[in-house]
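The values are calculated or read from the model by the stated rules, or taken from the named source; none is laboratory data. Nothing here was measured: the structure is a model prediction, and the numbers come from that model. For neighbour counting, all protein chains shown are included, and Cβ atoms are generated from backbone atoms with ideal geometry for every residue, glycine included. The area values use the complete protein model at the heavy-atom level, side chains included, leaving out ligands, DNA and RNA. Shrake-Rupley method; radii C 1.70, N 1.55, O 1.52, S 1.80 Å.
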Amino acid sequence: MSKKTVKDLDLKGKKVLMRVDFNVPLDENGNITDDTRIMASLPTINYILEHGAALILMSHLGRPKNEPDPKFSLAPVAKKLSAVLAKPVIFNDDGLVTGPETVAAAASLKPGDILLLQNTRFRVEEKKNDPGFSKELAGLGDVFVNDAFGTAHRAHASTVGVAQILPGVSGFLIQKELDFMGKALEDPARPFVAILGGAKVSDKIGVINNLLEKVDILIIGGGMAYTFLKAQGYEIGKSLLEADKIELAKELMTKAKAKGVNFLLPVDIVAAEAFAPDASFKVVGIDAIPQESMGLDIGPETGKIFTKAILSAKTVIWNGPMGVFEMPVFAKGTEAVAKAMAKSKAITIIGGGDSAAAVKILGYENGMSHISTGGGASLEFLEGKLLPGIEILQDK
Ligand code: AMP
């Protein structure tokens, strides 16, 4: 899937309407506590401004109840953006988002100027992908750029509606997601290894199914591994179990065999007496899990086996922690995987969400080829679904 990017546009004298992901965390005083998303959008913003266009930015922030709510105003983002770009960012606290004042501001933009719209979710029409609101947004610009991967799986007015009216292309962030994740799924360098973890099998069924069609080795760890171990006949004590998914786990393992996929599960685990950071624990083989304990991490033997598999790969995708990494004593398995990926010479991709957070907390961020910015969006991408916000952009 190859989509046109900002580089395919003649930007001179244009007004560019761009969807960005400025959904940043704010503290109770409205201060931005992590500006990663703002900083990540700068390459596309600068490229557009340097090529003679004016820029109109739009984003959602948080979950306002489909009406203006000062708690979710983008005003702090406008201030921050202005500071990092060292130039004014025009911003109206416009509850209508596209009210008369904003329309006038957009009309008078000169090349190099920037206007940030108020939170698109202040309008109930945003999530409904309402054609009227889409038309109001699209009316502000000449071309559309989408650089918000995290909302690309949602067909909203600011992601899909506007692209039905204006020609749409991707920004550099979405382009990078497609270059890495798209390439891995369509034409991976082999061996291709996927590592899946996290709490629930039910959240990852689509991903497992899709990846079984593509990978050479599929590694399962985390809470979801126990349903597979149970399906293999092991007693798992009080570990996480989705009893209604045991049959499905069996089917997935049968499918792996039929496809010739090497399906790796833990061989040892860290069995804890309670779900607590100070719980007493011991490492046990999967055939010796005490009845009263719960598995909260993969064991060291498993860490070694998973590491070896990762180091044998030319492409690695990882989604979901190997254990309860939020508690340092149960973060060793997750760290082993992060470490192996950082050491590997392969193309290493973190499929967003909790594993992205874990990699950052554990300090392996710089060792990865690509860390996806999407949580839900990257899961849907790995499931092989077409993301509507990307589908609608112009093909190369
Ligand atoms: P997910 O959002 O599905 O990727 O799941 C991430 C969550 O799974 C994290 O908060 C982990 O603490 C949790 N998790 C990972 N392994 C286990 C486990 N063995 N038992 C319980 N929770 C786990």
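A few points about this structure:
- Only one of the listed residues (21, 34, 27) is of a type in the set (Asp, Glu) and buried (at least 17 other Cβ atoms within 10 Å of the Cβ). That residue is 21.
- Of all the criteria given as (1) open to solvent by 50 Å² or more (accessible area, probe 1.4 Å); (2) assigned to a helix (DSSP H, G or I), the one not satisfied by residue 65 is (2).
- Within region 13-58, the residues that satisfy the criterion of being part of a loop (DSSP other than H, G, I, E, B) and either out of contact with any strand residue (DSSP E or B) (no Cβ under 8 Å at 6 or more places or on another chain) or assigned by TED's automatic domain parsing to the domain that holds residue 374 (or both) are 13, 21, 23, 27, 28, 29, 30, 31, 34, 35, 51, 52.
- Matching residues in region 230-247 - criterion: being touching an Asp or Glu at 6+ places or on another chain (Cβ under 9 Å) and aliphatic (A, V, I, L, M): 231
- Matching residues, region 240-282, being within 11 Å of the ligand (Cβ to nearest atom) and closer than 21 Å to residue 207 by Cβ: 240, 241, 266
- Odd one out for residue 368 among (1) closer than 27 Å to residue 191 by Cβ; (2) surrounded by fewer than 18 Cβ atoms within 10 Å (Cβ to Cβ); (3) without any contact (Cβ under 8 Å) to a residue 60 or more places away in the chain: (2)
- Scanning region 386-396 for residues that are touching a strand residue (DSSP E or B) at 6+ places or on another chain (Cβ under 8 Å) and in a loop (DSSP other than H, G, I, E, B), we see that the one that is least open to solvent (accessible area, probe 1.4 Å) is 393.
- Screening region 357-385 for residues that are in a helix (DSSP H, G or I) and within 8 Å of the chain's Cα centre (by Cα) and picking the one that is modelled with the lowest pLDDT gives 376.
- Residue that is farthest from residue 378 (Cα to Cα) [pool: residues in region 332-355 that are open to solvent by 10 Å² or more (accessible area, probe 1.4 Å) and within 15 Å of the ligand (Cβ to nearest atom)]: 332
- So residue 49, is it open to solvent by less than 30 Å² (accessible area, probe 1.4 Å), over 28 Å from the mean Cα position of the chain (by Cα) and more than 27 Å from residue 380 (Cα to Cα): no
- Options 215, 207, 193: the member that is β-branched (Val, Ile, Thr), within 11 Å of the ligand (Cβ to nearest atom) and more than 30 Å from residue 290 (Cβ to Cβ): 207
- Complete set of residues in region 204-259 that are assigned to a helix (DSSP H, G or I), in contact (Cβ under 8 Å) with a residue 60 or more places away in the chain and either buried (at least 20 other Cβ atoms within 10 Å of the Cβ) or of a type in the set (Asp, Glu) (or both): 207, 211, 225, 226
- Extreme residue, surrounded by the most Cβ atoms within 10 Å (Cβ to Cβ), among residues of region 313-325 that are within 11 Å of the ligand (Cβ to nearest atom) and within 19 Å of the chain's Cα centre (by Cα): 322
- For region 284-299, the tally of residues that are more than 7 Å from residue 237 (Cβ to Cβ) and either open to solvent by 40 Å² or more (accessible area, probe 1.4 Å) or within 12 Å of the ligand (Cβ to nearest atom) (or both) stands at 7.
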